[in-house]
Amino acid sequence: MQYFQWHFGEMPKEILRIWKNYLRYYSYLFSIPLLLKTLFAPWRKYSWSYGRGFNIRRWAEAFVSNSFSRIIGAIMRSFLIIIGIIMEIFVLIIGGLVFLLWMLAPIVIAICFILGINYLF
């Protein structure tokens, strides 16, 4: 009786706790909320100053360079966000399968045992 209490009572809680920790880990690893907040920030904080006064050439150069830096930042952050979401989905699927297999393990073992006995005789 203690086995069933452990298998169906304590361990599912532990599996769910471990599953939640993996989800938190990958969320922290890829920093998806932070990447979304800083999506259009310059890449690696590279930015060019517009300088004092108004010089059209310097202003255009700084504007184009800053725009490219923001576009590159958005592309790289989007790529990381997509990879992070894919990893989260992967962890959700694998965690669900582990939980389901754990819950079905005694039934599968019993069926395999009965089929094995039937093959012997």
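No lab work stands behind these numbers, since they all come straight from the coordinates. Predicted, not measured: the structure shown is a model, and the values here were computed from it. For neighbour counting, all protein chains shown are included, and Cβ atoms are generated from backbone atoms with ideal geometry for every residue, glycine included.
Only one of S49, S78, S67 is surrounded by fewer than 13 Cβ atoms within 10 Å (Cβ to Cβ) and not in a loop (DSSP other than H, G, I, E, B). Can you tell me which?
Numbers: S49 fails: not in a loop (DSSP other than H, G, I, E, B); S78 fails: surrounded by fewer than 13 Cβ atoms within 10 Å (Cβ to Cβ).
Answer to the selection: S67.
Say whether the condition of being without any contact (Cβ under 8 Å) to a residue 40 or more places away in the chain, within 28 Å of H7 (Cβ to Cβ) and under 25 Å from the mean Cα position of the chain (by Cα) is met by at least one residue in region 63-82. If you could, list the steps in order and put the result at the bottom.
Let us first name the residues in region 63-82 that are without any contact (Cβ under 8 Å) to a residue 40 or more places away in the chain, namely 63-76, 78-79, 82.
Next, from what is left, pick out any that are within 28 Å of H7 (Cβ to Cβ): none.
So far as region 63-82 goes, no, none of its residues is without any contact (Cβ under 8 Å) to a residue 40 or more places away in the chain, within 28 Å of H7 (Cβ to Cβ) and under 25 Å from the mean Cα position of the chain (by Cα).
Is region 15-30 home to any residue that is among the basic types (K, R), surrounded by fewer than 15 Cβ atoms within 10 Å (Cβ to Cβ) and closer than 30 Å to I107 by Cβ?
Here is the first cut: in region 15-30, the residues among the basic types (K, R) are 17, 20, 24.
Keeping just the survivors that are surrounded by fewer than 15 Cβ atoms within 10 Å (Cβ to Cβ) gives 17, 20, 24.
After this cut, where a residue has to be closer than 30 Å to I107 by Cβ as well, the list is 17, 20.
Yes, because at least one residue in region 15-30 is among the basic types (K, R), surrounded by fewer than 15 Cβ atoms within 10 Å (Cβ to Cβ) and closer than 30 Å to I107 by Cβ.
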